[in-house]
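The values are calculated or read from the model by the stated rules, or taken from the named source; none is laboratory data. Note that the structure is predicted; figures quoted are calculated from it, not measured. Cβ coordinates were reconstructed from backbone atoms using ideal geometry, including for glycine residues, and neighbour counts include every protein chain displayed.
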Amino acid sequence: MKKRHKYIFVTGGVMSGVGKGIATSSIGTLLSARGFGVNLVKVDPYLNVDAGTMNPTEHGEVFVLNSGLETDQDMGNYERFLNRDLTSDDYITSGMVYKHVIDKERALEYGGRFVDADHIREEIVRRIEHGA
């Protein structure tokens, strides 16, 4: 039997620093303490491929994963609260998604078919499910 996953989405406006990351970390910690397997995935809507080139006064500090990926500072909270390292699979930006779809298109992995918003949606779902 395939293991079913449950998802909790913590969303908010475009304003940083209002507590979405701490709330997510806290929910994850509480569920983990109750015996649930928990993984936290950070999804950022910006088109940057990672947080490394973003202005820290505009976006906040960068947190670097063991893989070397430069991520949002919430990833550091997620690691500390869950007491384990997260991977680059646990961090998604719109830029990463678009870049992956375009790279696949350039490698003819879509068989010459046109690429549209459905491919973007499918890639987002694939990444979230992979993180689970």
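Taking into account only those residues within segment 1-29 that are of a type in the set (S, T, N, Q) and modelled with pLDDT under 90, which is surrounded by the fewest Cβ atoms within 10 Å (Cβ to Cβ)?
In this case the residue turns out to be THR11.
Quick check: is even one residue across segment 43-54 surrounded by fewer than 18 Cβ atoms within 10 Å (Cβ to Cβ) and assigned to a helix (DSSP H, G or I)?
Checking segment 43-54: not a single residue is surrounded by fewer than 18 Cβ atoms within 10 Å (Cβ to Cβ) and assigned to a helix (DSSP H, G or I).
Return only the number of the condition from (1) under 13 Å from the mean Cα position of the chain (by Cα); (2) of a type in the set (Asp, Glu); (3) loosely packed, with under 14 Cβ neighbours inside 10 Å that ASP116 does not satisfy.
Unmet condition: (1).
Of all the residues that make up segment 55-74, how many are over 12 Å from SER88 (Cα atoms), outside any helix (DSSP H, G or I) and not hydrophobic (A, V, I, L, M, F, W, C)?
Of the residues in that region, 4 qualify.
Of all residues in segment 102-132, count the ones that are farther than 20 Å from TYR91 by Cβ and in contact with a strand residue (DSSP E or B) (Cβ under 6 Å, 6 or more places away or on another chain).
Adding up the residues that qualify gives 0.
Tell me yes or no: at least one residue of segment 106-127 is more than 20 Å from LYS20 (Cα to Cα), outside any helix (DSSP H, G or I), touching a helix residue (DSSP H, G or I) at 6+ places or on another chain (Cβ under 7 Å) and not basic (Lys, Arg).
For segment 106-127, residues more than 20 Å from LYS20 (Cα to Cα), outside any helix (DSSP H, G or I), touching a helix residue (DSSP H, G or I) at 6+ places or on another chain (Cβ under 7 Å) and not basic (Lys, Arg): present.
What's the total number of residues in segment 9-59 that are of a type in the set (Val, Ile, Thr) and under 15 Å from GLY76 (Cα atoms)?
Number satisfying all stated conditions: 5.
For segment 91-113, which residues satisfy the criterion of being among the hydroxyl-bearing types (Ser, Thr, Tyr) and surrounded by 16 or more Cβ atoms within 10 Å (Cβ to Cβ)?
The answer is TYR91, THR93, SER94.
If you check THR71, THR87, which single one turns out to be buried (at least 16 other Cβ atoms within 10 Å of the Cβ) and not aromatic (Phe, Trp, Tyr)?
After ruling out the rest, the residue left standing is THR71.
Which ones in segment 75-105 are in a helix (DSSP H, G or I), acidic (Asp, Glu) and touching a Leu at 6+ places or on another chain (Cβ under 8 Å)?
From segment 75-105, those in a helix (DSSP H, G or I) are 75-82, 88-90, 94-105; that's our starting set.
Adding the requirement that they be acidic (Asp, Glu) leaves 79, 89-90, 103, 105.
The answer is GLU79, ASP90.
Which of the numbered conditions does ASP44 fail, given that it passes all the others? Conditions: (1) within 13 Å of the chain's Cα centre (by Cα); (2) acidic (Asp, Glu); (3) at pLDDT 90 or above.
(3)
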